[in-house]
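Working notes, structure below.
Nothing in this text is a laboratory measurement; each read-out follows from the coordinates by a stated rule. Since the structure is predicted, the reported quantities are computational estimates derived from the model, not experimental observations. Please note: Cβ atoms are built from the backbone with ideal geometry, for glycine as well, and neighbour counts cover all protein chains shown.
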Amino acid sequence: MPMLFKEFRAQLRGSRAALLLTVYIGLALIAMRLVYNAIASGVEIGAPIFNTQIGQAVFIGLVMSLQSLTVFLAPATTVNSISSEYERRTFDLLLTTPLSATQLLLGKLIVALAFLGLLLLGALPLFSIVVLFGGVSAADIGRAAVTIVLSALAGCMLGLLCSAITRQTYSATLLCYALLVALIGGTIFLANLWSASNSTLPAPPNYLFANPLTAAASALARTRPPELISNETLQPLIILSLLTQGTITLEQNERAALPIYRATWMLYIGASLLMFWLCLHLVQPRRRLAFGRGDIAMAALLMIFLAVAVLSSSWWMAGLAA
C-alpha cells in the first residue's frame, strides 16, 4: 500500500498527467473529426449513406486512434520504473524495506495501468457520439475494449522489462520502442512481402496476430472485408486493409474476417505473465536464479493459463485458420 501511494503521487503530481490526458483525448477527437469529414464529403456528392454507417466509421476511427495512442504510450508509463530508482540511487533503499520484489513490481504495474485507465475513462464520453448515430453493438465495443486493455497490459510489461534489463532510462526507452516498432512494422512488412511473393495472395494470419493494430482491425471487421461499407456490420476504413492482410477468408463464397484478435488476447496474456516472472528475477540484486515463493505463484498462474488456453484452443485458434 505505501508503494502504491508513492507511485500515484509521482505519476499524478504536476501538470504532466493533465497534459497527457488533454493530448490523448484531443488526438482521439481529431481522428473522429477527420473520419466524420470523410464520410460527410461522400454525402455532399450524393452517395447514399445511413446513420449507422456514419456511427460505424466514427467508431472505427475512434478505436484505432485510441489503440495506436495506447500502444505507444503504455510502455512510456513503466519504461523508467526500475531504471529511475537506480539513477536516483534509491533502489538499495527499497531493498531495505519489507517490500518483496513482487510487491515492488505490482505497485509499479498497477499505477501504470491505473493511469492508462484514467486516460481511457477520459475518452469514454467520445463514444456517446457513436451511440448517437447507432450501428454499434455492446459486443463490438466489448471486443475493442478488451483488445485495447490487453495491449496496454502487454505494453506496460514490455516497458517494465526493458527498464529492469538496462537499468538506464535512456537505454530502456531505445530498446523498448525499437522492439515495438519492429513488432508492428516488421509483421506488416513480412505479411505484405509474403503476399507480393505469392501472387498477391493474403499472407497467413500467423504473420500478423502479434501486431496490436492488426488485432484492433480484426476486432472491428467481423463479417465484411475492410474495403466495403455495409449497413449490417462493422468494417474498418479502406486504410485498414493494410493491417488486415491475411485476416480475410472465404466462407460459403462470402468474404469474412478471421477473429485474429482472439489469438492476440491469449498471446498478450501469456507474454505478460512471462515478462513479469522475468522481471521478478531481474530486480533481485543477488541470487537471481534462486527459486522462491514468487516463482511458485507465477508457475501456478502460468499452469492455470496454459490449462485455459488448451481448453479454449478451438475458440482462439479459429483466428489462425488460414
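As a proxy for reagent exposure, 140, 295 were ordered by neighbouring Cβ count within 10 angstrom, fewest first; the result is 295, 140. Between residue 295 and residue 114, the distance separating the two model label sites (each 7 Å from Cα on the Cα→Cβ line) works out to 3.1 nm. Fully extending the segment from residue 76 to residue 189 would add 38.2 nm, taking 0.36 nm per residue of separation and subtracting the current Cα-Cα distance. Electrostatic tally near residue 83: other residues with Cβ closer than 13 Å to its Cβ, Lys and Arg +1, Asp and Glu -1, net +2. Subtracting the Cα-Cα distance of residue 170 and residue 278 from 0.36 nm times their residue separation leaves 36.8 nm of extension gain.
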